[in-house]
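Since the structure comes first, as structure tokens, the remarks are kept for the end.
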Amino acid sequence: PAGDRQGLHIGCPRSFPRRVRLAVLIGAIERYIMRLQRVELFKYLVFLLALSAFLFSDQDKHWEWETAYQLMDLFADEDFPDTTWKKTFHDVQTYEEVWDWVQGPLAAGLY
């Protein structure tokens, strides 16, 4: 029949007063939100566990030292182009020398 309404069944017959049906609907929504919050909390705890396992795992310290050394060698200890003596980032004393370093060893290291 055209007059029948079919929709969300929340466990409350249509013969109940509207206020009771609304309270049941609000209760169902609150339970749904609580379930979503529990799922999100579970996801967050799994993320924290994975992050902690990664951060506190026994990592190879030699690899970290080697990476830092290679970066220092690539950028800070690289000689400036067009100099007759060994000039590196540690020898920079003026703004012009900073720009020479940016255009020389830094640009070469980034590319």
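Within region 1-20, take every residue that is surrounded by 10 or more Cβ atoms within 10 Å (Cβ to Cβ) and not in a helix (DSSP H, G or I) and give me the one that is modelled with the lowest pLDDT. Reasoning before the result, please.
Our first condition is that a residue be surrounded by 10 or more Cβ atoms within 10 Å (Cβ to Cβ); within region 1-20, this holds for 10, 12, 16, 20.
With not in a helix (DSSP H, G or I) added as a condition, the list becomes 10, 12, 16.
Working: Ile10: 54, Cys12: 59, Phe16: 66.
Among those residues, the one meeting the criterion is Ile10.
If I ask for residues that are open to solvent by 40 Å² or more (accessible area, probe 1.4 Å), closer than 11 Å to Glu78 by Cβ and out of contact with any helix residue (DSSP H, G or I) (no Cβ under 7 Å at 6 or more places or on another chain), which ones from region 91-111 would you list?
Ala108
Assuming Tyr69 fulfils every condition listed in (1) over 33 Å from the mean Cα position of the chain (by Cα); (2) under 26 Å from Leu110 (Cβ atoms); (3) open to solvent by 100 Å² or more (accessible area, probe 1.4 Å) apart from one, which condition is it?
(1)
The values are calculated or read from the model by the stated rules, or taken from the named source; none is laboratory data. Keep in mind that what you see is a predicted model, and the values were worked out from it rather than measured. Glycine also receives a Cβ, built like all others from the backbone with ideal geometry; neighbour counts cover every protein chain displayed. For the accessible areas, the whole protein counts, side chains as well, though only heavy atoms, and no ligand, DNA or RNA atoms are used. Shrake-Rupley method; radii C 1.70, N 1.55, O 1.52, S 1.80 Å.
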